[in-house]
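S.K.: Quick one: the structure is below, questions incoming.
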Amino acid sequence: MPASYGTTGLVVRTDLVGNGLKRWADLWDGQYAGKIGLRAQPREIIGMTLTSLGCPFASENPRDLEVVLQRLLALKPSVVMLNIETDEAVEKLLLRSRPRNWYCTIGWMTSPNQCSTPSPESMVPRSTM
């Protein structure tokens, strides 16, 4: 089994948005507003936000979680919420007719390998801002 199997990362259509998304914190960059598709997976979303702040992925520190709440409220207008599973999200990411032109989603590192062209880039973003 590959070491990265099941690792949460970003799946990005670099052919549409370039190579600028390298850190979790990049999701808060205004140039990606409306281009980020997130699935309703609270653990992944909270974990990526904690990681973007340099906190442990599973921190239960109330101060960390309050900062996460404020940070996610700031991200909310930039996000398209997806009510689908990871593999379906990656498949839709590749379609030219994807909803609201989102170009990036959270996925597991095996997801892009199950797709045909255009091939998205999958990565485990750098942790901090």
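S.K.: Determine which single condition I46 fails, assuming it passes every other condition in (1) open to solvent by 40 Å² or more (accessible area, probe 1.4 Å); (2) modelled with pLDDT under 90; (3) within 12 Å of I106 (Cβ to Cβ).
M.R.: Looking at each condition in turn, I46 falls short on (2).
S.K.: For the range 64-74, indicate whether the set of residues that are basic (K, R), in contact with a Phe, Trp or Tyr (Cβ under 9 Å, 6 or more places away or on another chain) and outside any loop (DSSP other than H, G, I, E, B) is non-empty.
M.R.: There is at least one residue in the range 64-74 that is basic (K, R), in contact with a Phe, Trp or Tyr (Cβ under 9 Å, 6 or more places away or on another chain) and outside any loop (DSSP other than H, G, I, E, B).
S.K.: Right, something else. Every residue in the range 24-40 that is open to solvent by 60 Å² or more (accessible area, probe 1.4 Å) and either under 11 Å from the mean Cα position of the chain (by Cα) or free of Cβ contacts under 8 Å to residues at least 24 places away in the same chain (or both), please.
M.R.: Once the filter is applied, which keeps residues that are open to solvent by 60 Å² or more (accessible area, probe 1.4 Å) and either under 11 Å from the mean Cα position of the chain (by Cα) or free of Cβ contacts under 8 Å to residues at least 24 places away in the same chain (or both), the range 24-40 yields D29, Q31, K35.
S.K.: Does T86 qualify as being more than 17 Å from W28 (Cα to Cα), modelled with pLDDT under 65, open to solvent by less than 80 Å² (accessible area, probe 1.4 Å) and in contact with a Phe, Trp or Tyr (Cβ under 9 Å, 6 or more places away or on another chain)?
M.R.: Values: more than 17 Å from W28 (Cα to Cα): yes; modelled with pLDDT under 65: yes; open to solvent by less than 80 Å² (accessible area, probe 1.4 Å): yes; in contact with a Phe, Trp or Tyr (Cβ under 9 Å, 6 or more places away or on another chain): yes.
Considered against the rule, which asks whether it is more than 17 Å from W28 (Cα to Cα), modelled with pLDDT under 65, open to solvent by less than 80 Å² (accessible area, probe 1.4 Å) and in contact with a Phe, Trp or Tyr (Cβ under 9 Å, 6 or more places away or on another chain), T86 comes out as yes.
S.K.: Out of G30, G20, G54, report the one residue that is touching an Asp or Glu at 6+ places or on another chain (Cβ under 7 Å) and at pLDDT 80 or above.
M.R.: G20
The values are calculated or read from the model by the stated rules, or taken from the named source; none is laboratory data. In this text the structure is predicted, and so the values were computed from the model without any measurement. Glycine gets a Cβ as well: all are built from the backbone with ideal geometry, and neighbour counts include every protein chain shown. Ligands, DNA and RNA are excluded from the accessible area calculation, which covers all protein heavy atoms including side chains. Shrake-Rupley method; radii C 1.70, N 1.55, O 1.52, S 1.80 Å.
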